[in-house]
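What follows is a single structure, written as structure tokens, with notes after it.
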Amino acid sequence: MKFFIDTANVEDIRKANDMGIICGVTTNPSLIAMEGRDFKKVIKEITAIVDGPISGEVKATTVDADGMIREGREIAAIHSNMVVKIPMTTEGLKAVKVLNAEGIKTNVTLIFSATQALLAARAGAAYVSPFMGRLDDISMKGIVLIGEITDIFKTHHIKTEIIAASIRNPIHVIDCAKAGADIATVPYKILEQMVNHPLTTQGIAKFQADYRAVFGES
Ligand code: E4P
């Protein structure tokens, strides 16, 4: 399973990229709004940091296929790594079909059922983004959805990649890796939580103390 970072914060993206652990970025309208900066400016900065798929979403207020297609073309023109994120609606699927025919990659977002994922794949999506955490929030097991989509795509040799999204903790990461998601898109805070372990911290402190006791600071 590969990692993308789920943020529009350029500093966090730079830190994760420097660690060598991410190969793509996902953003959404809420994450862009959180930065309070111009969409295109932020996206351009991200493309200069990460050399991999960067998902930029059509405006949250654009709900018709023609509008999504128009914006999708503009997003794709920013950089060759751009992936157009489209919400899972009837109009969204129409936009995915047209953009795919033009060679523009799409990521269908706000996927909450296996049928939605299958439809998005058949419309030509390069990626689908099932949201684990938001399902868990309403007492439905997000991981069950990831497993179902993985099984269906494997059975039918579907090439669309599964991005496990709405990841809220390191256990989500392990669960979706075991279930066979192609990618997990993870906020920076959770990547940090995955790096750290109290026994690693203790181990480093003991090695330092033992070393210093004999060799000092040399
Ligand atoms: C996915 O691409 C979304 O940006 C994201 O994972 C949503 O996560 P949230 O449910 O924590 O907002």
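Bear in mind that the values in this text are calculations on the coordinates, not laboratory data. Bear in mind the structure is a predicted one, so any value in this text is a computation, not a measurement. Cβ sites come from the backbone with ideal geometry, for glycine too, and all protein chains shown count toward neighbours.
Tabulated data for the structure shown
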item	result
Tally, over the range 166-218, of residues that are among the aromatic types (Phe, Trp, Tyr), more than 16 Å from the ligand (Cβ to nearest atom) and touching a residue at least 24 places away in the same chain (Cβ under 8 Å)	0
Flag for residue 77 being over 19 Å from residue 189 (Cβ atoms) and either crowded, with 19+ Cβ neighbours inside 10 Å or of a type in the set (Phe, Trp, Tyr) (or both)	no
Index of the failed condition, residue 34 passing every other in (1) more than 15 Å from residue 76 (Cα to Cα); (2) buried (at least 18 other Cβ atoms within 10 Å of the Cβ)	(2)
